[in-house]
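Please read the structure below before turning to the comments.
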Amino acid sequence: MSLIGADTFKWEDQDKRLNIMFRMNRNIKYGDNVVVREDEIAAFYRDGKVLAYMDRPDRYALTDLNAPIVGKLVKALSGAQQQAELIYLQKRAFDGKFGSKQPFQFRDKEFGMVNLRVFGEFRYKVSNPENFVNQFVGTLNFATSAEIEERIKEQMVLLIYAALGDMKNQGMGVADLASNLPNIEQVVLSKTNDHFALYGVGIDKISGLYVSLPDEVQKAVDTRASMQITGTNYAQYQSGQAMREAASNPSGGAAAAGVGVGAGIGMGYTMVDAMRSAQQQPAAGTQPPAPQQVLLCPKCGAANDVGAKFCNSCGTKLIVETIPCPKCGAKVSPDAKFCPECGNPMKATKKCPKCGTESPGSAKFCPECGTTF
Amino acid sequence: MPDIRQKVEEDRGLIKKIQLMVPGYRGYRLRDDLRDSDKMLRLELGKRLALQRKELEEFRQTMVTNNPLSKNLQPIGGIINQYKKVEGLLAHGESGYSGISADIRINVPELNMLYEYDAGMVDTINFVEQSIGSLRTAIDDNDDGRTAEQLKNVKMRITGFEEKFDKRISIIMGIGV
Ligand SMILES: [Zn+2]
Ligand SMILES: [Zn+2]
Ligand SMILES: [Zn+2]
C-alpha cells in the first residue's frame with residue numbers, strides 16, 4: 001500500500017562513495033518508504049536526538065501496517081507536527097589520513113626543545129549509530145562526512161601528542177622515536193576506545209605512523225644511529241664513506257693515488273690515510289676558510305656556521321664547554337651519556353637485572369626488555 | 001548392532017560438551033538442524049572470542065599505563081588484530097557464506113566426525129582462555145619477561161584455533177588432511 005504524497009528514500013550511489021554519513025535534504029514523514037541496504041544504517045533524527053535506527057537491509061514502509069518493525073518510529077511520526085530527518089550511515093570501515101597542523105613541542109634531554117610533526121593513517125567506522133548522530137549532527141550540526149573526518153583527525157593528532165608526552169615521561173627521547181613508532185601506535189589505540197566511544201566512532205587500526213623532526217635534528221639522530229649500528233666511531237665511519245666513494249669513482253683522486261676498483265681490504269687504511277692528508281692540504285688557489293666565521297666541529301673538523309647547534313657533517317652537538325672523559329680524557333659534551341671515543345659511561349647508569357643492558361640512571365624501564373627498575 | 005548404539009552414546013557425550021558452551025544447541029541431525037546448529041556454534045565461538053579480545057584490550061591499557069615503552073605492546077596489538085580477523089571469519093558465515101551448506105550430504109560417519117571436530121574446537125577455545133588467565137597474572141605482577149612468554153602462548157593458541165576452524169569443512173568432507 002502506498003499513501004498519496006508518500007516518498008521513497010534511498011541513499012543514491014553518487015552521494016555514497018566516500019561518505020560515511022549522508023544527511024537527506026528532505027524530511028521524512030508518516031507514510032514514507034525508506035530503503036536500507038546491506039552496508040547501511042538509517043537513523044531517524046528529531047529534536048536533537050535519534051528516534052530510531054534500522055540496520056537490517058529492507059524496504060521499510062513507515063505506516064501502522066509495519067508497526068512491529070518500525071513501531072517506535074511510526075508512533076513518533078504519526079503524532080508529530082514536526083517532521084524527522086533521515087540520516088544514512090555506512091557500516092564499513094573508512095581509511096583516513098592525519099597530519100599535524102601545529103607542531104608539538106617536545107622537550108628532549110639531549111636536543112632541547114624540538115618541534116615534532118606527526119603523520120599517519122587510521123581506519124575508523126561507526127561503532128554506535130546513536131552516539132554518532134547525536135554528537136556530529138545533534139551537538140556539532142555537521143552535515144558532511146568531510147567535517148566529521150576533519151574532527152576525527154584533529155582528535156587523533158591530540159591523542160598522539162598525549163601518547164608522546166606519556167612516553168617522554170617514561171624516558172623516551174627524540175632519538176628513540178623511530179624505534180618506538182609501533183609502541184606509539186599501540187598507546188594511541190589503547191586510548192581511542194575511551195576517547196571516541198562518545199562520538200560513536202571506533203578506531204580499528206593506526207598504520208604508517210611517522211614523526212618528523214627538524215632537518216638538523218634528524219641528521220644528528222641518523223648519523224648517531226648509523227654509527228651505533230656499525231659499531232664504529234666517527235673516523236672509521238668516514239673511512240668507510242671514502243672507500244665507497246673511491247670504489248664508485250675510479251677516475252677520481254683515489255685512482256690517481258694508485259688505488260682503483262678492487263683495492264684489497266688491507267690497502268684500505270693506507271688509502272684512507274692518503275686521502276685524509278690530501279684533504280688536509282688545501283688545493284692550490286683555494287683559501288682555507290677564515291676561522292672567525294666558522295665553528296669547527298670538535299670531532300670531525302668540518303666547518304659549520306657560527307651558531308649551528310649540530311655539525312652538518314657528523315651530527316655532533318656543537319657546544320663550547322666539554323668535560324673530560326674520566327677514562328680516556330676525550331672532550332665530551334656534558335649531556336653525553338657515554339664517551340663517544342671509548343664508550344665509558346659518563347653518568348650513573350644502571351644495569352638491567354634481567355637482560356644486563358645499561359640504561360641511564362634516570363630510566364624507569366629497561367629500553368631493551370621493558371623490565372621495571 | 002552394538003557398534004551403532006555405542007556411536008550414539010559417544011555422540012551424546014560430545015553434544016553435551018558443545019551444549020555446555022552453546023545454549024540451546026540441538027545437534028546436527030536433519031539438514032535444517034545442521035545449518036542452524038552450525039550457525040549457533042559459530043556465533044557462540046565468535047562471542048567467546050570477542051570477550052577474550054575485550055580482555056586483551058584491557059590488558060593493553062594496563063600495559064600502556066605501566067610502561068608505554070614495553071616491548072610487549074606490539075605483540076599484544078598483533079594478537080588483538082588477529083582476534084578481529086578470526087571473529088570476522090566466524091561471523092562471515094552469517095550472510096553470504098552459508099557455513100555448512102544444506103546441499104552437502106552428510107552421513108552418520110561424517111556427523112560423528114563433525115561432533116568430534118567441533119567438540120575439539122570448544123576445547124581449543126577453553127585452552128586459549130587458560131593462556132589468557134596466565135597472561136593476566138603476568139601483567140598484574142608487572143613481570144615483563146613472563147608477560148612476553150604468555151603473549152607468545154596466547155598467540156600460538158589462537159593461531160591453533162584459527163587453523164582448526166579453517167580446516168573444519170575440508171576435514172569433514174574428507175578432502176582435507
Ligand atoms: Zn662533525
Ligand atoms: Zn672516553
Ligand atoms: Zn633489560
- Search the structure for amide H atoms under 5 Å from the amide H of A:K91, placed 1.01 Å from N in the peptide plane, and list their residues when 5 or more places away or on another chain. A:E40, A:I41
- Message: Can you order the peptides B:151-161, A:96-106, A:176-186 by their average number of other Cβ atoms within 10 Å per residue, highest first?
- Response: A:176-186, B:151-161, A:96-106
- Go through B:57-69, A:213-225 and give me the packing order, highest mean Cβ count within 10 Å leading. B:57-69, A:213-225
- Roughly what would the spin-label model give for A:V306 and A:R107, points 7 Å off Cα along C-beta, in nm? 3.1
- Message: Please compute the average number of Cβ atoms from other chains found within 10 Å of each residue's Cβ in peptide A:98-111.
- Response: 0
- Partner chain Cβ atoms within 10 Å, averaged over the residues of B:54-67 - can you pull that number for me? 4
- Query: Can you list the aspartates and glutamates whose alpha carbon sits under 15 Å from that of A:K354, skipping same-chain ones fewer than 8 residues off?
  - Reply: A:E368, B:D143, B:D144, B:E149
- Query: Tell me, A:C366, A:C314, A:C352 in order of fewest to most beta-carbon neighbours within 10 Å?
  - Reply: A:C352, A:C314, A:C366
- Message: Can you compute the FRET efficiency between A:A162 and B:S134 using 1/(1 + (r/R0)^6), with r the Cβ-Cβ distance and R0 = 35 Å? Round to the nearest 0.05.
- Response: 0.65
- Return the lysines within reach of A:K75: Cα separation strictly under 26 angstrom, same-chain partners fewer than 8 residues apart disregarded; answer none if there are no such residues. A:K10, A:K29, A:K49
- Query: What's the lysine pair count for region A:96-187 at a Cα cut-off below 27 Å, pairs eight or more apart or interchain?
  - Reply: 10
- Item | Per-pair calculated FRET efficiency, R0 = 60 Å: B:K39 and B:D143 via Cβ, rounded to 0.05 | 0.90
- Query: So how far apart, in nm, are the two label points at A:D7 and B:Q74 if each is 7 Å from Cα heading toward Cβ?
  - Reply: 5.3
- Query: Among A:S190, A:S207, A:S226, which comes first, second and so on when ranked by fewest other beta-carbon atoms within 10 Å?
  - Reply: A:S207, A:S226, A:S190
- Query: Under a plain spin-label model, where a point goes 7 Å from the Cα along Cα-to-Cβ, how far apart in nm are B:E116 and A:D58?
  - Reply: 4.4
- Within 10 Å of each Cβ in B:72-84, the average number of Cβ atoms from other chains: 3
- Rg [Å, one decimal], Dmax [Å, integer] - region A:6-88, C-alpha atoms: 11.9, 36
- For an R0 of 45 angstrom, estimate the FRET efficiency from the Cβ-Cβ distance between B:D123 and A:Q218 and round to the nearest 0.05. 0.30
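Taken together, the values in this text are just the output of simple stated rules run on the coordinates, not laboratory data. The structure presented is a predicted model; accordingly, all values stated were derived computationally and were not measured. Because the Cβ atoms are built from the backbone with ideal geometry, glycine has one as well, and the counts that use them run over all protein chains shown.
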